[in-house]
Amino acid sequence: TQAILSRRWLDIESAERLGRLDPGAIERVCAEAWPEASTADELHEALTSAGFITELEGRRSAASEAANAGDWGVLLEQLTLERRATVLCLGEWRAWVAVERLPELLALHPGAAATPPLCVPAEYASKAWTAEDALVELLRSRLEVLGPATPAALAFEFELAEPSLRGALLTLESQGYVLRGDFTGQHREEWCERRLLARIHRYTVQRLRQEIEPVAAADFLRFLFRWQHVDPATRLSGEPALAAVLERLEGFEAAAASWEQELLPARLRDYDPAWIDCLCMSGRMAWRRRAAAPSAGNAAGPLRSTPITFLARQRQWPAEPADSGSIELSPHAGAVAESLRRQGALFTEDLIAELGYLKTQVEQALAELVVKGIVSCDSFAGLRLLLAPARGRSRRSRRRGRDHAAGRWVLVQKRLPTAPAPDPLLTQDPTGALETCAWILLRRYGIVFRRLTLREPSLPPWRDLVRVYRRLEARGEIRGGRFVEAMSGEQYALPEAVGLLRETRREEKTGSLIAVSGADPLNLAGIITPGERVPALTSYRILYLDGQPIATLQKKAVQFATAPDPANAWELRNALIRRPTAA
């Protein structure tokens, strides 16, 4: 459903004509919108996004027949012990509440008692909620997960009189957030969140057309191999293809050494390192460490394993790199950083001449600054030279004359240069940056859901991303639904990804063997497939057979998920350890 089509629902008469909605479509959307939880973290996410969950709803969800549904009562007990949730009681009314939403509920029901009592963190307790504002925000959250509901039913869930709740509904209606009509054909006034209603309408219109069925995790991985050009049938070649590959990998953090050793050769048959140097020097892409890990302290780790990402220079990103003023540096690194701060971009030779250091001292200082997310280079060759073993580095540099070709070193800005500069309002409100991140994930995976984001721990919280995806779906730019089996929560997809997923599911399995590095974004073993996760290390590898992980290489030891046929063991082992080659 396009956003323009949605606008005609603003008048009540048009909305009431939607009363002829398919009951099956309504039931389907309500099931998709209602959160699922199999872990305490997922239940906490559900409580935060829904505003609160009544005890009756919690028991009903715990008793559901969903294979991945956990015992919500047990999960709630775990959250209460961790002081992350509580049960709010007012007479016979009982609601499960996350600590982040507790101030809103207490503003609405100041006489309610929390069991156990919680101390709300200052960042959530600092805002003074009025009962009216709290009701509007809680009702907004509730309607995101409910589907069509009557004012009487909502008043019962909120333990409020219907007239007081109707005022909040009218506020949301004036904002264009909800619509009212007789959606279920029960001849009574109902209210529904606009995005869910758009989805119900689309399902109704398309109910005679076969919808894509959810695919198994193995089929989803087969789709990803094709989507990311790792499948031999879709692997790319040529310098222009590098931009398409990096578009899929943009924003992904992988060990510095893994990019040219594993990730890029796996997707480009004839990868040439000069291509990425040209792409960076042209100003289209930039590489950097987005932010040093807080747990890393002030120690400089090894450069080869430092997570590096590629970013399009014009994009706005929510995460900011570390500030060199807040990190303790070695004397040489501090001097290099100060020189770059005073004079701007400099070649390595310029730093050597100005500071009077040995070349190895300057290179070690630059490596430390890269590890701590403080500097970058306008060519990837600069990082490549630092990654090369010290022995033989000078000889290769002289032979190829690449010291100047390595580019200039610069301090990483709080924001990469953009043209034109972003609207100041965008920097105050992170919505634009979140939408950028949401689109990056869609381009990387084609289809996104909460569990998939576990692969990238530096991402914004899923609850923030999912709000962006809901808005994009309402605008008709992406599709929402259930695309992959056994993955809880909402799922969103690019329209072109849905077509490729359908095509992949229909194709007969051919026994295709594909191996990827542990540093690859397609290292999804233990995340969307059963079994243990494989650490994201460059030297570790995973072998997939038709999308199923069947073997891993960890600590130089090959481990099979099940004992292979002796006749095929050598072939499988060879497929696992064989690495992609580059030009």
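Each row is one residue, and each column tells you yes or no for (1) at pLDDT 90 or above; (2) basic (Lys, Arg).
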{"residue": "30", "(1), (2)": "yes, no"}
{"residue": "43", "(1), (2)": "yes, no"}
{"residue": "47", "(1), (2)": "yes, no"}
{"residue": "51", "(1), (2)": "yes, no"}
{"residue": "55", "(1), (2)": "no, no"}
{"residue": "60", "(1), (2)": "no, yes"}
{"residue": "70", "(1), (2)": "no, no"}
{"residue": "95", "(1), (2)": "yes, no"}
{"residue": "98", "(1), (2)": "yes, no"}
Select the helices (runs of 4 or more DSSP H) contained entirely in the stretch 182-280, then report the ones holding at least 1 residues which are of a type in the set (Val, Ile, Thr).
-> 194-205, 240-249
Spot the failing condition for residue 3; the list is (1) modelled with pLDDT under 60; (2) buried (at least 20 other Cβ atoms within 10 Å of the Cβ); (3) small (Gly, Ala, Ser), and only one is missed.
-> (2)
Quick count over the stretch 369-403, residues being of a type in the set (Ser, Thr, Tyr) and modelled with pLDDT under 90, is 2
Restricting attention to the stretch 28-43, and to residues there that are out of contact with any Asp or Glu (no Cβ under 9 Å at 6 or more places or on another chain) and free of Cβ contacts under 8 Å to residues at least 60 places away in the same chain, which single residue is nearest to residue 213 (Cα to Cα)?
-> 31
Residue check: is residue 477 free of Cβ contacts under 8 Å to residues at least 12 places away in the same chain and more than 17 Å from the chain's Cα centre (by Cα)?
-> yes
Given the stretch 501-583, what strands (runs of 3 or more DSSP E) lie entirely inside it while holding 1 or more residues that are exposed (fewer than 13 other Cβ atoms within 10 Å of the Cβ) and without any contact (Cβ under 8 Å) to a residue 60 or more places away in the chain?
-> 557-560
Top-ranked residue in the stretch 331-372 [being within 21 Å of residue 309 (Cβ to Cβ) and either out of contact with any helix residue (DSSP H, G or I) (no Cβ under 9 Å at 6 or more places or on another chain) or among the acidic types (Asp, Glu) (or both); ranked as surrounded by the most Cβ atoms within 10 Å (Cβ to Cβ)] = 368
Might you check whether a residue that is in contact (Cβ under 8 Å) with a residue 40 or more places away in the chain and either in a helix (DSSP H, G or I) or surrounded by 14 or more Cβ atoms within 10 Å (Cβ to Cβ) (or both) occurs anywhere in the stretch 120-130?
-> no
What number goes with the only condition from (1) crowded, with 18+ Cβ neighbours inside 10 Å; (2) within 17 Å of residue 386 (Cα to Cα); (3) modelled with pLDDT of 90 or more that residue 311 does not pass?
-> (2)
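When you check residue 103 against the structure, is it out of contact with any Asp or Glu (no Cβ under 7 Å at 6 or more places or on another chain), at pLDDT 90 or above and not in a helix (DSSP H, G or I), yes or no? Before you say what the answer is, go through the steps one by one.
Details: out of contact with any Asp or Glu (no Cβ under 7 Å at 6 or more places or on another chain): yes; at pLDDT 90 or above: yes; not in a helix (DSSP H, G or I): no.
Considered against the rule, which asks whether it is out of contact with any Asp or Glu (no Cβ under 7 Å at 6 or more places or on another chain), at pLDDT 90 or above and not in a helix (DSSP H, G or I), residue 103 comes out as no.
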Quick check, is residue 486 closer than 24 Å to residue 303 by Cα and in a loop (DSSP other than H, G, I, E, B)?
-> no
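The values are calculated or read from the model by the stated rules, or taken from the named source; none is laboratory data. Only a predicted model underlies this, so the values are computations on that prediction, with no experimental measurement involved. Heads up, the Cβs are rebuilt from the backbone with ideal geometry, glycines too, and the neighbour counts pull from every protein chain shown.
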